[in-house]
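Undergrad: Before we start, here is the structure in question, set down as structure tokens.
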Amino acid sequence: MNGGSEALAKRRRLIAMMQRRPWGDKSQMAFRSREEEHIAGLEGAIGIFELMKNESLSIKDAAEMRTLLFQPGGFELHIGMFIPSILSQGTEEQQAAWLPLCMDLKLIGTYAQTELGHGTFLRGLETVAVYDPVTEQFVVHSPTLTATKWWPGGLGKTCTHAILMARLVTKGKDYGPHAFVVQLRDMETHLPLDGVEVGDIGPKMGYNGVDNGFLRFDHVPVPRDAMLMRYSRVLPDGTYVPPPKENSKASYATMVYVRATIVRDAGDFLGRAATIATRYTSVRRQSSPDAVTGRELQILDYENVYETLVPIVVKSYALKFMGKNMMAMYDGFVKARDRGDFSALPELHALSSGLKAFCTDAASVGIEACRRTCGGQGYSVLSGLPTIYTSYVQNVTWEGDNNVMYLQMARALVKQRLAQGTKAEAEAGGSGNGNGISSAAVAADWRRPEAVDEALEAVEGYLAEGAIAKLRALSGASLGAGSDPSSVPVEGDAWNQSTMDLVQLATCRCRRVVFDAFVQEVAKAAASPEVEAASRAALQEVCTLFGLLCLRESGADLLESRHVSPDQYRDIKTAFKQSCKQLRSNAVALVDAFGYEDYLLNSAIGRADGNIYEDLLRRAKSSPFNRTETGPGWDSGVLKDLLLGGGVARQASKL
């Protein structure tokens, strides 16, 4: 799971290096104000860059340290989107000019796309960049209130530059959103440049070390070469040169990369929460003492608890493997792109969109479930769980609202199914026994990956045909098998009135993709001599439970599609319960296999050594609130005046 013993040893060396620096001290992280959190994030990011330079560490080492520190700040989009955008969309000359400055932190960038009025709907962006051939400059302007850029991380007070998505207008024609590198602040004074209005949007539910900002332009000139011109460009006379038809969507590459990294990270964050909750519930005891042992029952031994947590542990494994698979697909696309082959981009865009939604939904719901299983201690920031949740849950919204992401995938699925003409196969309910019902006869049959995949395939076919039938009915179009995919109404009333069905379809496909990726990884492990037999067996059971979980989550659709009978569904539930109980005894070992160090988790109740109560009291005593015995209410005079003054004086009523 972590690259082997050498990788774990390297992580521990990196942690030791960080702990020797003031910015690597996490002891007061839970007690910081927003300003302190923001500054700590900056100090940590700068400190990591300095370590990378001074200790000859790799970029991969630096990324590892950022993960271990887990102190988001104003550099998040500089690293996550500004640099990747220049790499993917800049010419060789632009990369040579900008990247050294980025890597030496001589400038700090962000990615400014979302506006007050539009976010995921890229075509609706209102900020304009109008080209003037006389000055050979673009004039950037925010023509309306809703054109105000809103939400970019680091934009508020940190960044000096931005990748700005603005509508390119030249020779009177609007060519839609394009990317520009725009300077926002003076490099000596850090004050906004003339015509630039920029600031912080205020506190959020979490992630407050990051200064998300707003941005407006009042006719600000930028040079022609501020436009990233790897695929399309504007000539000095204002002539627009579009990208070749085969890579007309090349600008999507940055979004695909970011969504791929979000898919990659989902299992990591869910795994952290699962580790904390599993460790805590294995230490915490709550019940009447056992008559024989005299000890109370471990919380994890209650059926409702282990049937909640063990599936979350299993899902963490599934998401981790899916993330690995997703990044491999993206890396394959990059190699093909560099050869001029963009053929994989449409499918990768649809897949990364759907998986971004599916994986972040699963992680967000799972993290909160972990917090709730920890009772009152899960509500304490000292547990680490509220911080994980509030620093992660924004993923369901940024880089594409999840509902919109599901719909992007659904659009591709509907077109694909129409183009392939698979209606007959779908109506047959997959393979099964020839009349649509699964051939699984007993509970043990549902443990087979083939039975799970067959069931998920049947559900997907059922949902797809249902969605197509609804689109046909609402639009009055002929959308049968073999129909022209371009006839599908992907906008307008028919589409808008079918979004629940379409989201359900995309969710089903994603569930199937994640399961298939898990099965592939288990097969690789089974063939690897480096994986011990006991580990292979445990991983196989984890995969089996995930398959059963997929069937449980698809239960209503399985029954509605008549792929399973009520008796068969009861068998699925029986197999699910048996697998949960079987894996309960390995739950702690399964989360320990994630290899999360106490330094990363920073949780009083998720300690590897189990000393949760000692650590809770120690951390509580270290709170600034406990700096004096009397407390801030007394020290400020408010409580002192009240108590020494005899309480609240009773005044005669004026009524």
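Undergrad: Taking N as the number of residues in segment 91-134, what is its Cα Rg relative to 2.2 N^0.38 Å? Write down the numbers at each step before the final one.
TA: Numbers: Rg = 14.9 Å, N = 44, 2.2 N^0.38 = 9.3 Å.
Taking the Cα Rg and dividing by 2.2 N^0.38 Å, one obtains 1.61.
Undergrad: Subtracting the Cα-Cα distance from 0.36 nm times the residue separation, let me have the gained length for LYS60 to LYS524 in nm, one decimal.
TA: On the way: separation 464, 0.36 × 464 = 167.04 nm, distance 2.48 nm.
Additional length available on full extension: 164.6 nm.
Undergrad: Also, quick follow-up: Simple spin-label model, 7 Å along Cα-to-Cβ: GLU450 to THR574 in nm?
TA: So the label points at GLU450 and THR574 sit 2.2 nm apart.
Undergrad: Over 34 Å apart: what share of the alpha carbon pairs of the chain falls there, rounded to a whole percent?
TA: Details: 111667 of 214185 pairs.
Taking all Cα-Cα pairs of the chain, the fraction more than 34 Å apart is 52 percent.
Undergrad: If each residue of separation counts as 0.36 nm, what is the full-extension length gain between THR390 and ASP186 once their alpha-carbon separation is subtracted? Kindly include the intermediate steps, with their values, before the conclusion.
TA: Values: separation 204, 0.36 × 204 = 73.44 nm, distance 3.32 nm.
Here the segment from THR390 to ASP186 would lengthen by 70.1 nm.
Undergrad: Then there's this: Tell me, what is the 1.4 Å probe accessible area of TYR302, in Å² to the nearest 10?
TA: 80
Undergrad: Using a Förster radius of 22 Å, what is the FRET efficiency between ALA473 and GLN416 based on their Cβ-Cβ separation? Nearest 0.05, please. Mind dumping the intermediate values first?
TA: Details: r = 21 Å, r/R0 = 0.94.
It comes to 0.60.
Undergrad: Compare LYS324, LYS245 by solvent-accessible area with a 1.4 Å probe and give them largest first, with all protein chains kept in place. Let's see the in-between values first.
TA: Values: LYS324 125, LYS245 185 Å².
In descending accessible area the options line up as LYS245, LYS324.
Undergrad: Keeping every protein chain present and rolling a 1.4 Å probe, give me the accessible area per residue for the chain in Å².
TA: On the way: 30150 Å² over 655 residues.
I get 46 Å² per residue for the chain.
Undergrad: Quote to one decimal, in nm, the extra length available between ASP401 and VAL334 on full extension: 0.36 nm per residue of separation minus the C-alpha distance between them. Display every interim value, and only then the final one.
TA: Values: separation 67, 0.36 × 67 = 24.12 nm, distance 2.50 nm.
Stretched out fully, the ASP401 to VAL334 stretch lengthens by 21.6 nm.
Undergrad: Among the listed pairs LYS315/LYS581; LYS320/LYS356; LYS26/LYS149; LYS315/LYS415, which have their C-alpha atoms separated by more than 24 angstrom in this model? List each step's numbers first, then the result.
TA: Values: LYS315/LYS581 16 Å; LYS320/LYS356 13 Å; LYS26/LYS149 33 Å; LYS315/LYS415 30 Å.
From LYS315/LYS581; LYS320/LYS356; LYS26/LYS149; LYS315/LYS415, over 24 Å: LYS26/LYS149; LYS315/LYS415.
Undergrad: Under a no-solvent Debye model with one identical scatterer per Cα of segment 20-154, what's log10 I(q)/I(0) at q = 0.09 Å⁻¹?
TA: -0.38
Undergrad: Count the net charge of all other residues whose Cβ sits under 15 Å from the Cβ of GLN578, scoring Lys and Arg as +1 and Asp and Glu as -1.
TA: Numbers: positive: ARG447, ARG448, ARG552, ARG570, LYS573, LYS577, LYS581, ARG584; negative: GLU303, GLU307, ASP445, GLU541, ASP571.
My count for the surroundings of GLN578 gives +3.
Undergrad: Assuming R0 = 35 Å, can you tell me the calculated FRET efficiency for the pair THR293 and SER5, based on Cβ-Cβ distance, to the nearest 0.05?
TA: Working: r = 36 Å, r/R0 = 1.04.
That pair, THR293 with SER5, gives E of 0.45.
Undergrad: Can you sort SER56, SER27 by solvent-accessible area, 1.4 Å probe, largest first? Each step should come with its number before you reach the end.
TA: Working: SER56 105, SER27 65 Å².
If we order SER56, SER27 from most to least accessible, we get SER56, SER27.
Undergrad: Aspartates and glutamates within cross-link reach of LYS640: Cα-Cα under 18 Å, excluding same-chain residues under 8 positions apart?
TA: Excluding near neighbours in sequence, the set is GLU629.
Undergrad: Turning to a different aspect of this structure: Could you tell me what percent of the accessible area of the chain is made up of carbon and sulfur, with a 1.4 Å probe and every protein chain present? Before the final figure, lay out the partial values.
TA: On the way: 16140 of 30150 Å².
After summing per-atom areas, the C and S share lands at 54 percent.
Undergrad: Largest first and in whole Å, give the semi-axes of segment 555-655's equivalent ellipsoid, each being the square root of 5 times a Cα gyration tensor eigenvalue. Provide the component values of the computation, followed by the final result.
TA: On the way: eigenvalues 615, 166, 22 Å².
In descending order the semi-axes read 55, 29, 10 Å.
Undergrad: Can you work out D for segment 529-586 in µm² s⁻¹ from Stokes-Einstein, where Rh is the Kirkwood radius over C-alpha pairs, the temperature is 20 °C and the viscosity is 1.002 mPa s?
TA: Numbers: Rh = 12.5 Å.
Once the numbers are plugged in, D ends up at 171 µm²/s.
Undergrad: Same structure again: Once the whole set of protein chains is in place, how much accessible area is left on LYS149, using a 1.4 Å probe, in Å² to the nearest 10?
TA: 0
Undergrad: Okay, next question. Can you give me the span-like helices of the chain, meaning DSSP H runs with 24 Å or more of Cα extent along the axis and Kyte-Doolittle mean at or above -1.0? Numbers along the way, then the final one.
TA: Numbers: long enough: 34-54 (30 Å, -0.21); 252-283 (47 Å, 0.35); 303-338 (52 Å, 0.08); 345-373 (41 Å, 0.27); 402-420 (27 Å, -0.14); 449-475 (39 Å, 0.25); 499-527 (42 Å, 0.54); 533-553 (30 Å, 0.80); 566-584 (27 Å, -1.43).
Long hydrophobic helices here: 34-54, 252-283, 303-338, 345-373, 402-420, 449-475, 499-527, 533-553.
Undergrad: Could you report the accessible area of GLU532 in Å², rounded to 10, computed with a 1.4 Å probe on the protein chains as they sit in the structure?
TA: Roll a 1.4 Å probe over it and GLU532 shows about 130 Å².
Undergrad: Next question, about the same structure. Could you work out how far apart the two model spin labels at GLU50 and ASP598 are, taking each label as a point 7 Å from the Cα in the direction of the beta carbon, and quote it in nm?
TA: Each label point is offset 7 Å from its Cα along the Cβ direction, giving 2.7 nm.
Undergrad: Largest first, how would SER535, SER88 line up by accessible area (1.4 Å probe)? Working shown, then result.
TA: On the way: SER535 60, SER88 5 Å².
From most accessible down to least: SER535, SER88.
Undergrad: In addition: Per residue of the chain, what 222 nm ellipticity follows from adding -39500 (n - 2.57) for every DSSP H run with n ≥ 4, rounded to the nearest 500?
TA: One gets -16500 deg cm²/dmol as the mean residue ellipticity at 222 nm.
Undergrad: A further question on this structure: Using 1/(1 + (r/R0)^6) with R0 = 60 angstrom and r between the beta carbons of ASN611 and ALA97, what's the FRET efficiency to the nearest 0.05? Before the final figure, lay out each step's value.
TA: Values: r = 53 Å, r/R0 = 0.89.
So, using R0 = 60 Å, E works out to roughly 0.65.
Undergrad: Distance in nm between label sites at ALA556 and ASP200, each 7 Å beyond Cα in the beta-carbon direction?
TA: 4.3
The values are calculated or read from the model by the stated rules, or taken from the named source; none is laboratory data. Note that the coordinates shown come from a computational prediction; the quantities given were computed from them, not determined experimentally. Please note: Cβ atoms are built from the backbone with ideal geometry, for glycine as well, and neighbour counts cover all protein chains shown. SASA here: full protein model, heavy atoms, side chains in, ligands and nucleic acids out. Shrake-Rupley method; radii C 1.70, N 1.55, O 1.52, S 1.80 Å.
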